[in-house]
1. Can you compute log10 of I(q)/I(0) for the stretch 18-153 with the Debye formula, treating each Cα as one identical point scatterer, at q = 0.11, 0.13, 0.18 Å⁻¹?
2. In the stretch 18-153, if the dipole is taken from +1 on Lys/Arg beta carbons and -1 on Asp/Glu beta carbons about the Cα centre, which of V149, V65, L42 is farthest to the positive end?
3. Applying the Karplus parametrisation 6.51 cos²θ - 1.76 cosθ + 1.60 with θ = phi - 60° to the phi angles of the stretch 127-140, what ³J(HN,Hα) value in whole Hz is obtained for each residue in order, glycine and proline being reported as x?
4. Averaging sequence separations of C-alpha pairs under 8 Å and six or more residues apart, then dividing by the length of the stretch 1-73, give the relative contact order as a whole percent.
5. Using per-residue counts of other Cβ atoms within 10 Å, averaged over each peptide, order 173-180, 31-38, 123-130 from highest down.
6. Please identify the DSSP H helices in the chain that span no less than 20 Å along the helix axis (Cα) and have a mean Kyte-Doolittle hydropathy of 0.5 or more.
7. Collect residues whose amide H, placed 1.01 Å from N in the peptide plane, falls under 5 Å from the amide H of L134; neighbours closer than 5 in sequence don't count.
8. Which value, in debye to the nearest 20, gives the size of the charge dipole of the chain about its Cα centre, when Lys and Arg are +1 and Asp and Glu are -1 at the Cβ?
Amino acid sequence: MNLDQPRGRGVARILIDEERLQARIREMAAELDAHYGKDEPLLVGVLNGAVTFMTDLMRAMSIHVVIDFMAVSSYGASTKSSGVVRILKDLGEEIEGRRLLVVEDIVDSGLTLQYLLDVLGRRNPKDIRVVALLKKVKAEAASVQVDQVGFTIPDEFVVGYGLDYAGRYRNLPYVAVLDPATLNETEP
Ligand code: PRP
């Protein structure tokens, strides 16, 4: 947790350290094992941000799982969701009749997730469950389906553990709040 490393430069403070992240992920994995029992869910990771969470979560689960990924992109400013989403990469797996577990790194406005749930729901899976590592405390996010949340966090711009600012900081092993000065730089 050395903030002097290049990858930590621009970070104001650590919000959730590695130990808390991993302990909570083990709890969530145990709940998912119990929920699915003998069934084999298809884990749908939402690229790029969910990669880190997805790989740790699936390795903490002890039941059989199958994995696939979708990539979506929201248009607009880099630190705010615009609500307009487009599919950059679709699933390779057929999902009709299957049990889906959508794995998200963060639910902010909830618009990305709502879009994904609409798209996936139209393909007639048996059921869809949503697990998000982080969820912001804000009214807009309240109405979207999230079945399991790792941590509820304040409405601040967070990076690390998969989350980026201008493409950087995804490889931090913790979740952190960026220094406002970093957010004001055009070239972080
Ligand atoms: C982030 C994050 C979620 C979404 C949450 O993705 O991974 O998918 O924003 O925001 P919302 O709830 O306001 O829609 P982003 O589009 O930044 O792409 P990334 O995963 O590649 O960073």
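The values are calculated or read from the model by the stated rules, or taken from the named source; none is laboratory data. Because the structure is predicted, anything quoted here is derived from the model rather than measured. So basically every Cβ, Gly included, is an ideal-geometry build from the backbone, and we count neighbours across all protein chains shown. Just so you know, the surface numbers come from the protein's heavy atoms only, side chains and all, with ligands and any DNA or RNA stripped out. Shrake-Rupley method; radii C 1.70, N 1.55, O 1.52, S 1.80 Å.
1. Results for the stretch 18-153 at q = 0.11, 0.13, 0.18 Å⁻¹ read -0.37, -0.52, -1.02.
2. Of the options given, the answer is V149.
3. Running phi through 6.51 cos²θ - 1.76 cosθ + 1.60 with θ = phi - 60° gives 7, 10, 10, 10, 10, 10, 5, 10, 9, 6, 7, 7, 4, 4 Hz.
4. Numbers: 59 pairs, mean separation 24.5, N = 73.
In percent, rounded to a whole number, it is 34.
5. 173-180, 123-130, 31-38
6. Details: long enough: 18-36 (27 Å, -0.94).
What comes out of the filter, once short or polar helices are dropped, is none.
7. Residues meeting the amide H criterion: I106, V107, G150, F151.
8. Charge dipole, the chain, about its Cα centre: 120 debye, nearest 20.
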